[in-house]
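One structure, as structure tokens, below. Some questions next.
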């Protein structure tokens, strides 16, 4: 549960990584949200906040049930984070973005809902794994929470249709790295459309999973 870092350090880390995502164009406006698990609750970016301009002192602190304890009002998508944590008890951070290429992929027709991204690179297999597609629901719709929970137990990375990716990790850094790899793979997928493409084979994927479990 982020045991090596104090709450103040985690707040600073959320601000620093949020700014990095924003500065590199992976977040825009007030889109996207970040959370980390504490021993007795969660830290979550506030509603209508910009990831590029987070004030560590104003980040929302929630109790174990998601009730606001202090800080600004939390993101209206808090239920996405809570659903991931409840189905993935070893995860200590969740990142949700509206990053350009991942959102573009989420709008494509004919996707495999159990495995959206093709196995283009070893790092996509290692850091993202099988990316499941969550059906479209309006932002803030609690039916989306149920849909996320149904898939989160088997997938640490999800793609919300016509919306964007949600990724859980064993640390905030791990979650950020994984969602960056997801965005990069989505970009490669779009670039390669219409071109003969050599994907990793099932044997190569199995070998990666043996070499780099979990």
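Matching residues to (1) in contact with a strand residue (DSSP E or B) (Cβ under 7 Å, 6 or more places away or on another chain); (2) farther than 22 Å from residue 182 by Cβ:
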| position | (1), (2) |
| --- | --- |
| 9 | no, yes |
| 16 | no, no |
| 54 | no, no |
| 84 | yes, no |
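Being at pLDDT 95 or above, touching a strand residue (DSSP E or B) at 6+ places or on another chain (Cβ under 8 Å) and more than 27 Å from residue 159 (Cβ to Cβ): is that true of residue 70 here?
Taking the combined requirement at face value, the residue satisfies it.
Restricting the search to the range 17-36, which residues are outside any helix (DSSP H, G or I) and either surrounded by 24 or more Cβ atoms within 10 Å (Cβ to Cβ) or touching a residue at least 60 places away in the same chain (Cβ under 8 Å) (or both)? Can you show your working first?
Residues of the range 17-36 that are outside any helix (DSSP H, G or I), as a first pass: 24-36.
Listed by number, the residues that qualify are 25, 26, 27, 28, 31, 32, 33, 34, 35, 36.
Sticking with this structure for a sec: Which helices (runs of 4 or more DSSP H) does the range 127-214 wholly contain that include 2 or more residues that are in contact (Cβ under 8 Å) with a residue 40 or more places away in the chain, in contact with a helix residue (DSSP H, G or I) (Cβ under 6 Å, 6 or more places away or on another chain) and farther than 19 Å from residue 81 by Cβ?
172-192, 202-211
Scan the range 96-122 for residues that are loosely packed, with under 15 Cβ neighbours inside 10 Å and touching a helix residue (DSSP H, G or I) at 6+ places or on another chain (Cβ under 8 Å) and jot them down.
Within the range 96-122, 104 is the sole residue that qualifies.
While we're here: Looking at (1) crowded, with 18+ Cβ neighbours inside 10 Å; (2) under 27 Å from residue 136 (Cα atoms), which is the one condition that is false for residue 89?
Residue 89 satisfies all of (1) crowded, with 18+ Cβ neighbours inside 10 Å; (2) under 27 Å from residue 136 (Cα atoms) except (1).
Checking residue 177 against (1) touching a strand residue (DSSP E or B) at 6+ places or on another chain (Cβ under 7 Å); (2) surrounded by fewer than 22 Cβ atoms within 10 Å (Cβ to Cβ), which test does it fail?
(1)
The values are calculated or read from the model by the stated rules, or taken from the named source; none is laboratory data. Since we're looking at a predicted model, the values are computed, not measured. Positions of Cβ are generated from backbone atoms using ideal geometry, with glycine treated the same way; all protein chains shown enter the neighbour counts.
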